[in-house]
């Protein structure tokens, strides 16, 4: 499950992510990070579901971190997609494939939100949610 964590300025100087990893024993992958003086935002991938996910969310919230589940990572405007395949080869995880019938298929679970496909699309039909 992908989560967006938002830290206020007062929390950005504490190792909240590291201590959550140590306490839970769950390896958390950072997909995106933006730290500004007033706010820090991380997009992370947590390889658990259900009960353990709720525990991790509760741990972050107890530390004052705002947690938002990311249900979808990319949006494709398939009506305007030309199925050119320009987004397929630059995808580092194989989250985007072109099927035999030339249609584009996206696997949300493989996506790491690197945005390479967004830049590669010549008709700009891909956006990050």
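The values are calculated or read from the model by the stated rules, or taken from the named source; none is laboratory data. The structure displayed is predicted, hence computed values, not measured ones. Cβ sites come from the backbone with ideal geometry, for glycine too, and all protein chains shown count toward neighbours.
Among all residue pairs at least 6 apart or on different chains, which show Cβ distances below 9 Å where the first residue, located in region 95-112, is touching a residue at least 60 places away in the same chain (Cβ under 8 Å) and not assigned by TED's automatic domain parsing to the domain that holds residue 31 and the second is assigned to a loop (DSSP other than H, G, I, E, B) and surrounded by 15 or more Cβ atoms within 10 Å (Cβ to Cβ)?
Pairs found: 112/73; 112/95.
Among 16, 44, which is the only one that is touching a residue at least 12 places away in the same chain (Cβ under 8 Å), over 18 Å from the mean Cα position of the chain (by Cα) and over 20 Å from residue 120 (Cβ atoms)?
16 is the lone residue from the list that is touching a residue at least 12 places away in the same chain (Cβ under 8 Å), over 18 Å from the mean Cα position of the chain (by Cα) and over 20 Å from residue 120 (Cβ atoms).
Could you grab me the full set of residues in region 107-122 that are more than 14 Å from residue 71 (Cα to Cα) and either loosely packed, with under 12 Cβ neighbours inside 10 Å or modelled with pLDDT under 90 (or both)?
114, 115, 122
Out of 37, 27, 47, I need the residue that is outside any helix (DSSP H, G or I), in contact with a helix residue (DSSP H, G or I) (Cβ under 8 Å, 6 or more places away or on another chain) and at pLDDT below 90. Which one?
Matching residue, one of 37, 27, 47: 37.
Quick one: would you say residue 30 is free of Cβ contacts under 8 Å to residues at least 24 places away in the same chain and under 17 Å from the mean Cα position of the chain (by Cα)?
Taking the combined requirement at face value, the residue satisfies it.
Condition test on residue 18, is it over 27 Å from residue 107 (Cβ atoms), in contact with a helix residue (DSSP H, G or I) (Cβ under 7 Å, 6 or more places away or on another chain), not in a strand (DSSP E or B) and not assigned by TED's automatic domain parsing to the domain that holds residue 108?
The answer is no for residue 18.
Among the residues of region 92-106, count how many are closer than 30 Å to residue 19 by Cα and either surrounded by 14 or more Cβ atoms within 10 Å (Cβ to Cβ) or in contact with a strand residue (DSSP E or B) (Cβ under 9 Å, 6 or more places away or on another chain) (or both).
Going through region 92-106 one residue at a time, the tally reaches 0.
Scan region 73-91 for residues that are exposed (fewer than 15 other Cβ atoms within 10 Å of the Cβ), touching a residue at least 40 places away in the same chain (Cβ under 8 Å) and touching a strand residue (DSSP E or B) at 6+ places or on another chain (Cβ under 9 Å) and report the count.
So the answer is 3.
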